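Structure first, then comments.
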Amino acid sequence: MSILTAARDLVGEMTATPTGQSSVSVYETGRLVSLSPWLTLHAERIRYLLDAEHPRGGWGGPGGYGLVPTLSATEGLLAALRRGDLAGAPAQFRGAVAAVDRGLSVLGERLAAVPASALPDMPAIDLIVPALVEALTVHLDAVRDDPPPGLERWRQVAPRLSLPPGMTPTRLARVRAALASGHPLPDKLMHALEVTGPAARRAAGVVPVGPGTVGASPAATAAWLGVPDATTSTARAYLERVVRQHGGPVPCTSPISVFERSWVLSTLSRAGVPVTVPPSVLASLLDTLGPAGTATAPGLPVDADTTSVTLYALARAGHPVDPSSLWSFDTGEHFCTWPKEDGASITTNAHVLDAFGWHWRHTGERSRQLASVVRRLTTWLTDRQAPEGSWSSDRWHASPFYATSCAVLALHGYGVGAAVDPAVRRAVHWVLAGQHPDGSWGRWGGTAEETAYALQVLLAAGQTASDRCTEAIGRGWRWLATMAGSDGEPALWHDKDLYRPSLIVRAAVLGVTWWGRRCAGPEPVEAGPSSRSAMIRIA
């Protein structure tokens with residue numbers, strides 16, 4: 001299949017799946033097992049947790065990325081065992097007991113050994129970990145006092161769990177107290193409403209939105225819903241739809257259509273892939289943009305990251321929208337993802353530079369304000385480059401190749417000043433040094449996604465590319481060609497658990513492959529949109 005055909009198929013698949021496509025989450029699925037045993041496909045969720053356990057115990061990604069999913073899966077399975085959900089399935093019962101045994105052992109070690117400061121910057125991790133440690137402690141105290149049949153030995157062997165060094169339950173207690181007293185919670189906390197425990201159930205001021213979701217989260221919606229009744233049909237219908245999408249397990253966030261469509265279109269367009277986009281897709285993005293910007297999904301707060309990528313995608317598709325909605329995220333130094341954000345995101349600020357830079361460069365509006373913010377974001381990004389050339393960490397992705405690619409593409413495309421070219425060269429040197437012997441790139445091993453980001457950096461170098469750079473690009477392309485159509489790539493994106501937005505990842509791989517082939521020589525164009533036409537066209 002040619003690159004153009006694959007890109008058109010991707011856009012068609014995106015158009016036909018309005019909720020978006022995201023990998024399932026151990027964390028979120030564990031919460032449904034614990035909170036909603038009445039929900040369709042409960043047994044399939046338990047089976048998924050058992051199948052997803054690592055051979056030596058535990059769930060989730062490497063290092064600190066495994067803590068939250070292991071807590072959730074262990075608590076969910078223990079809740080199911082205590083309720084007797086597996087009484088009629090002896091093989092699953094034994095499997096769940098063994099999995100909980102291993103999970104508790106892993107948690108006893110990790111919770112004590114990994115300080116809070118070393119945990120990855122995942123949404124609500126400082127709320128989720130205390131909430132789940134508390135829930136497991138309640139279970140284990142009950143088992144010690146009165147163990148259900150088959151769990152008698154836990155009276156002696158179940159460990160005492162503690163919070164990671166440096167983590168306290170103080171913020172969780174404040175959030176719970178605010179909800180119980182009827183005070184409105186910030187929109188961003190709705191995504192993790194399940195951490196508030198019983199106070200979440202039909203909490204005052206919390207109302208499902210859009211397709212029936214609370215915080216665009218199955219777990220948060222389940223916590224609010226409790227046991228459904230005639231007044232909660234919308235929320236129940238949302239949960240029924242999302243569990244059927246993957247046959248039981250669920251993603252952390254659903255729907256993700258705005259996020260998915262914006263990232264896919266901006267990635268393909270920047271790479272020069274001549275795809276035709278249905279007007280309905282562009283209209284859906286235009287409709288989400290309000291005076292304050294747009295959100296990833298109904299129930300989430302508007303944020304600068306999604307807003308800027310949506311603005312950029314629309315502008316490249318021939319529908320530029322004034323980027324004034326972004327000013328509300330300006331801290332005076334950088335742009336926050338949302339107001340009162342703790343810390344700052346490299347990739348959010350790179351995407352804001354894309355949005356403002358495109359508007360400044362292409363609309364003729366060369367105002368002092370736009371020029372000033374382009375210079376300021378250029379300086380902010382270059383000042384945060386690590387000495388070896390990477391932008392090594394970001395709160396929305398586990399891989400430094402993603403953050404480095406976002407920063408390099410924004411600086412190369414729209415940055416101003418003498419610092420831009422040296423920053424790009426340092427990034428190129430870092431990428432070249434990080435290529436694996438087989439031609440791939442990746443934090444924990446070669447992946448198609450991270451290889452695509454590394455190639456984006458090298459291709460952005462353009463005329464500054466050396467023979468070594470050209471050779472590395474060729475090796476990277478050849479490795480990508482061997483991975484065509486392969487599944488099983490790791491989840492690298494940050495939510496409450498690591499996840500993989502599959503169409504966004506495919507767009508990155510297709511885009512960089514087209515970009516590279518275009519530099520080396522054009523691929524034969526099939527009958528259809530001309531490569532000499534606009535890169536993104538409307539059907």
Is region 93-102 home to any residue that is among the aliphatic types (A, V, I, L, M) and over 27 Å from L193 (Cα atoms)?
yes
What residue, among those in region 89-99 that are hydrophobic (A, V, I, L, M, F, W, C) and assigned to a helix (DSSP H, G or I), is farthest from the chain's Cα centre (by Cα)?
A91
Check region 75-88 and report whether any residue there is of a type in the set (D, E, K, R), over 20 Å from V138 (Cβ atoms), touching a Leu at 6+ places or on another chain (Cβ under 7 Å) and assigned to a helix (DSSP H, G or I).
no
How many of the residues in region 46-66 are assigned to a helix (DSSP H, G or I), over 21 Å from the mean Cα position of the chain (by Cα) and not acidic (D, E)?
3
Would you pick out the residues in region 109-137 that are open to solvent by less than 30 Å² (accessible area, probe 1.4 Å) and among the β-branched types (V, I, T)?
I125, I128, V129, V133
Of the criteria (1) over 25 Å from the mean Cα position of the chain (by Cα); (2) closer than 16 Å to V24 by Cβ, which one T232 fails
(2)
In region 312-334, what residues are within 19 Å of C406 (Cα to Cα), touching a strand residue (DSSP E or B) at 6+ places or on another chain (Cβ under 9 Å) and open to solvent by 10 Å² or more (accessible area, probe 1.4 Å)?
R316
Give the residues of region 32-45 that are open to solvent by less than 30 Å² (accessible area, probe 1.4 Å), part of a loop (DSSP other than H, G, I, E, B) and farther than 22 Å from L127 by Cα, sorted by residue number.
L39
Being surrounded by fewer than 20 Cβ atoms within 10 Å (Cβ to Cβ) and under 20 Å from S25 (Cβ atoms), is that true of even one residue in region 87-97?
no
For region 138-149 the number of residues that are modelled with pLDDT of 90 or more and open to solvent by 50 Å² or more (accessible area, probe 1.4 Å) is 2
If we ask which residues in region 139-148 are assigned to a loop (DSSP other than H, G, I, E, B) and more than 40 Å from the chain's Cα centre (by Cα), their number turns out to be 1
Among what's in region 388-445 and is assigned to a loop (DSSP other than H, G, I, E, B) and in contact with a His (Cβ under 9 Å, 6 or more places away or on another chain), pick the residue that is modelled with the lowest pLDDT.
R395
Restricting attention to region 446-469, which residues are open to solvent by 30 Å² or more (accessible area, probe 1.4 Å) and not in a helix (DSSP H, G or I)?
G446, A465, S466
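The values are calculated or read from the model by the stated rules, or taken from the named source; none is laboratory data. Small disclaimer: the values here were computed from a predicted structure and weren't measured. Cβ: placed from backbone, ideal geometry, glycine included. Neighbour counts: every protein chain shown. In case anyone asks, the SASA skips ligands and DNA or RNA and just uses the protein heavy atoms, side chains included. Shrake-Rupley method; radii C 1.70, N 1.55, O 1.52, S 1.80 Å.
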